[in-house]
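Enquirer: A single structure is presented below for examination.
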Amino acid sequence: MSNARNKFIAGNWKMNGTLSSLSEIEVIKSLFGETTYDIVILPPATLLAEASKIVAGSKIKIGAQNCHQNISGAHTGEISVLMLKDIGINIVLLGHSERRTESMENNQLINLKAETSHNCKLTTIICVGETELERKNGNTKKTIEYQLLNSLPKTFTEDNTIIAYEPVWAIGTGKTATAEEIHTAHAILRNQIKKLKGTAVASKLRILYGGSVNKENSSEIFQIQGVDGALVGGASLLSADFSSIIKSISR
Ligand code: PGA
């Protein structure tokens with residue numbers, strides 16, 4: 001992946017999409033196949049191999065929404081990073097709040113998955129974010145610092161890791177964090193990276209915002225200082241919406 005804080009836009013399809021949805025990826029490829037941004041689509045596991053073939057030779061990348069912490073073995077229903085690499089996937093999303101709550105993934109497990117991914121040369125997008133209650137109680141800083149500190153393995157670098165700040169209360173709710181909330185959270189996370197790995201790494205590592213990003217609010221979000229892109233859920237499913245979001249980077 002290119003870096004130097006190049007803008008990074010990822011579309012997380014979650015548990016949506018069937019073979020017919022691959023046409024959305026074809027459209028994104030035709031529009032942005034030569035892009036200078038980092039554009040990643042994260043379809044469900046069933047579509048990864050086909051999606052990977054569609055974008056081959058273009059600048060669009062396909063990523064997985066999860067992986068197992070082991071590279072093979074008796075883990076029914078799981079997908080290993082070696083299987084991802086086998087079909088040309090080199091990016092994986094980890095620690096999404098839906099997996100933290102629905103699949104009981106904790107920071108320690110996310111850390112293991114990230115370490116395995118890095119060891120196998122995959123880029124990880126690691127998500128952190130506070131709940132509404134944590135924010136209400138004034139615990140946003142404490143929560144996201146703790147998640148970051150414990151989810152990041154020692155193997156992380158500014159090139160193999162992208163952080164996504166996704167306040168849980170903003171995901172899929174239509175409630176977007178304010179520009180000030182986003183700016184503050186990103187500054188907290190970058191400062192934490194600085195403490196862990198120093199100024200050089202902190203100044204290069206990309207931090208995305210996620211949570212109800214859409215074509216109406218994306219332009220403003222991209223302009224917030226410290227925001228290096230977006231992790232988009234619902235609005236990434238249709239190429240018309242997702243392409244408007246990508247185009248809004250330069251609006
Ligand atoms: P949303 O999801 O854009 O639908 O709020 C974002 C995400 O969960 O990554």
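The values are calculated or read from the model by the stated rules, or taken from the named source; none is laboratory data. The structure presented is a predicted model; accordingly, all values stated were derived computationally and were not measured. With ideal geometry, Cβ positions are generated from the backbone for all residues, glycine too; neighbour counts draw on all protein chains shown. Ligands, DNA and RNA are excluded from the accessible area calculation, which covers all protein heavy atoms including side chains. Shrake-Rupley method; radii C 1.70, N 1.55, O 1.52, S 1.80 Å.
Enquirer: Which whole-number percent of Cα pairs in the chain have a distance greater than 33 Å? Please report the intermediate quantities before stating the final value.
Expert: Working: 3497 of 31375 pairs.
That tail contains 11 percent of the Cα-Cα pairs.
Enquirer: Now, a different point. With a length cut of 30 Å (Cα positions projected on each helix's long axis) and a Kyte-Doolittle mean of at least 0.0, go through the chain and give me the DSSP H helices that pass. Present the calculation step by step, with values, prior to reporting the outcome.
Expert: On the way: long enough: none.
Result, helices passing both filters: zero.
Enquirer: For the ranges 22-30, 114-122, 88-96, what's the packing order if you count other beta-carbon atoms within 10 Å of each residue, average per peptide, and put the highest first? Before the final figure, lay out the partial values.
Expert: Values: 22-30: 17.2, 114-122: 19.4, 88-96: 23.1.
Highest mean packing first, the order is 88-96, 114-122, 22-30.
Enquirer: Can you give me the distance in nm between label points at Thr173 and Lys141, each placed 7 Å from the Cα along the Cα-to-Cβ direction?
Expert: 2.2 nm
Enquirer: Sticking with this structure for a sec: When you count, for each residue, the other Cβ atoms within 10 Å and take the mean per peptide, how do 51-64, 221-234 rank with the highest first?
Expert: Numbers: 51-64: 18.9, 221-234: 21.1.
Peptide ranking by packing, descending: 221-234, 51-64.
Enquirer: Leaving ligands, DNA and RNA out of it, report the carbon-plus-sulfur percent of the accessible area of the chain at a 1.4 Å probe.
Expert: Numbers: 5980 of 11240 Å².
Roughly 53 percent, rounded to a whole number.
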